[in-house]
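**Q** Take a look at this one; I'll ask things after.
Nothing in this text is a laboratory measurement; each read-out follows from the coordinates by a stated rule. Keep in mind that what you see is a predicted model, and the values were worked out from it rather than measured. Glycine also receives a Cβ, built like all others from the backbone with ideal geometry; neighbour counts cover every protein chain displayed.
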Amino acid sequence: MPRATVDRIEEDVAVLVVDGRQVTRALSTLPPGVREGDVVDLVTGTVDPEATETLRAEVRAAREQALRGKKPPSGDFDL
C-alpha cells in the first residue's frame, strides 16, 4: 500500500516523503486536518492513524536515545 509521510506544510502546499523522496502536493488534495508527521494512505486518501502513531513513537524513542548521556552546556546562555 503506497503511503506518504507529511514532512511539512508550507501555506497551501504539503511536502510529502514517499519512498524516501520528497514530493509536493496541494494541501487541498489531502484529508482535511492533516498535520505534519501524519502518514497518509495514497490509495484511499486518508490518514492512517496506526501508522502515524507508530511513526511518532519511533521519533520519540530516537530523540530520547539521542539525548541520553548528553550533558547540558556549561556557562550562561540565552534562548
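**Q** If I model a spin label at Asp48 and Ala66 as a point 7 Å from the Cα along the Cα→Cβ vector, what separation in nanometres do I get?
**A** Spacing of the two 7 Å Cα→Cβ label points: 2.3 nm.
**Q** 7 Å from Cα along Cα→Cβ at both Glu10 and Leu27: what's the point-to-point distance in nm?
**A** 1.3
**Q** If you don't mind, there's one more thing I want to ask. Quick query: amide H of Leu42 versus all other amide H atoms, modeled in the peptide plane; which residues come in under 5 Å with a sequence gap of 5 or more or a different chain?
**A** Amide H neighbours of Leu42: Arg3, Ala4.
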